[in-house]
Amino acid sequence: TEKDVFELIEEFTTSEQKRKDSHELIAMMTKATGFEPKMWGPSIIGFGTYHYKYASGHEGDMPILGFSPRKAALSLYVYTGLPEHEFLLKDLGKFKMGKVCIYVNKLADIDLERLVYMMDYTVAYMNGK
């Protein structure tokens, strides 16, 4: 969408910590992808784009990396969800898993060096597809 990323952060976040973490994630994801943040729908901040197509024929476009500063937790879209990539989750810290997103309450709960490694790995993997 054309919504401003930084307006979303100011309007959508409910704490100063979540705003700070959101700005830190923007810097990290911009560096990892080389892309500026853009809104994907009403609440996902994405970086870059890739096209996917499933065996079923379903296809679409998604950001290479992304996050959403949701009320309950930060939703991080930095992981493929593939079984062969589970090693990336080792030693990450305190998080919960969705299908392909990682939920963290705050960035201080996870190892940021490990997160950067995960993002770099995911970007390289997606660029190779």
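Remarks
- Separation in nanometres of the label points that stand 7 Å from Cα toward Cβ, at Glu84 and Glu24: 3.3
- Percentage relative contact order, region 41-85, counting C-alpha pairs under 8 Å, at least six apart: 31
- Applied to region 62-74, the Karplus parametrisation 6.51 cos²θ - 1.76 cosθ + 1.60 on θ = phi - 60° returns per-residue 3J(HN,Hα) values of 9, x, 5, 10, x, 7, 9, x, 5, 4, 6, 6, 6 Hz, with x for Gly and Pro.
- Between Val100 and Glu113, the contour length at 0.36 nm per residue exceeds the alpha carbon distance by 2.7 nm.
- Taking every DSSP helix (H) stretch of at least 4 residues in the chain, weighting each as -39,500 (n - 2.57) and dividing the sum by the residue count yields a mean residue ellipticity at 222 nm of -10500 deg cm²/dmol.
- Reported to the nearest whole Å, the Cα centre-to-centre distance from region 57-82 to region 102-129 is 11.
- Per-residue HN-Hα couplings for region 51-59 [Karplus 6.51, -1.76, 1.60; θ = phi - 60°; Hz; x = Gly/Pro]: 9, 10, 8, 8, 4, 5, x, 5, 8
- For the chain, the Cβ-based charge dipole about the Cα centre amounts to some 320 debye (Lys, Arg positive; Asp, Glu negative; other atoms uncharged).
- Among Lys99, Lys94, the order of accessible area from largest down is Lys99, Lys94, computed with a 1.4 Å probe on protein heavy atoms.
- For region 72-129, the relative contact order is 39 percent, taking Cα pairs closer than 8 Å that sit 6 or more residues apart in sequence and dividing their mean separation by the residue count.
- Helix screen, the chain: DSSP H segments with Cα axial length of 15 Å or more and mean Kyte-Doolittle hydropathy at least 0.0 are 112-127.
- Computed with every protein chain present, the accessible area of Thr13 is close to 10 Å² [probe 1.4 Å].
- Ranking Phe47, Val78, Ile102 by Cα position along the charge dipole of the chain, where only Lys, Arg, Asp and Glu carry charges on their C-beta atoms, puts Ile102 farthest toward the positive end.
- Using C-alpha pairs below 8 Å separated by at least 6 residues, the relative contact order for the chain is 21 percent.
- Which labelled figure in (i) 32, 17, 15; (ii) 22, 19, 13; (iii) 26, 19, 14 is semi-axes √(5λ) of the Cα gyration tensor in Å, once derived from the coordinates: (ii)
- Across the protein chains, with a 1.4 Å probe defining accessible surface, the residues Asp120, Asp91 rank Asp91, Asp120 from largest area downward.
- Amide H contacts of Tyr50 (H built 1.01 Å from N, under 5 Å, at least 5 apart or other chain): Met62, Ile64
The values are calculated or read from the model by the stated rules, or taken from the named source; none is laboratory data. Nothing here was measured: the structure is a model prediction, and the numbers come from that model. Every residue, glycine among them, receives a Cβ derived from its backbone with ideal geometry; neighbour counts consider all protein chains shown. Surface accessibility is based on the protein's heavy atoms, side chains included, excluding ligands, DNA and RNA. Shrake-Rupley method; radii C 1.70, N 1.55, O 1.52, S 1.80 Å.
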